[in-house]
């Protein structure tokens, strides 16, 4: 009897090793995983400051001081199953060249152009970009309840926005005018 039980366990383990997709149980509380991920980043010193606000209804909010000493709000909505950062890039005109190029940059994370470790699994979450009152906002819609995965990916996308999109995309003037970058940087 024990051998049947053991063979069933080892068969399940073998299936997982072969790449069979494991089911991820949805978080019992949608706000715990993002809080844990963000707290871990804060403890590692990634953020210059970090605040977790009391949860209100179906929303949890966090604020961190991060790239270019800017404050980023991070809002988790359990009802909508979204995690969003309302202002990733301020002062970007709707339908501007920068807005279009940023959308293309974000599309790269979802369309298979990037290596797996940098891309977003469409079964797990979906990336959105909006321009609200002249600021670019980024959100992920969590599809499978894995809020930790969605939080990690959203943080990585914002990080790549500041390290790759702005710095390699020819936006030095934007960084000086709107993000307080040193005008002598890169000369």
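The values are calculated or read from the model by the stated rules, or taken from the named source; none is laboratory data. Because the structure is predicted, anything quoted here is derived from the model rather than measured. Neighbour counts are summed over all protein chains in view; Cβ atoms, including those assigned to glycine, are modelled from backbone coordinates with ideal geometry.
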Output the residues belonging to segment 160-187 that are in contact with a helix residue (DSSP H, G or I) (Cβ under 9 Å, 6 or more places away or on another chain) and within 12 Å of residue 89 (Cα to Cα). 161, 162, 165, 166, 171, 174, 175, 179
Is segment 49-70 home to any residue that is within 15 Å of the chain's Cα centre (by Cα) and modelled with pLDDT under 95? yes
Pick from segment 87-106, criterion under 15 Å from the mean Cα position of the chain (by Cα) and closer than 18 Å to residue 181 by Cα, ranking: surrounded by the fewest Cβ atoms within 10 Å (Cβ to Cβ): 87
For segment 53-84, enumerate the residues that are in contact with a helix residue (DSSP H, G or I) (Cβ under 6 Å, 6 or more places away or on another chain) and either surrounded by fewer than 19 Cβ atoms within 10 Å (Cβ to Cβ) or closer than 21 Å to residue 171 by Cβ (or both). 67, 68
For segment 150-165, enumerate the residues that are crowded, with 16+ Cβ neighbours inside 10 Å and without any contact (Cβ under 8 Å) to a residue 60 or more places away in the chain. 153, 157, 160
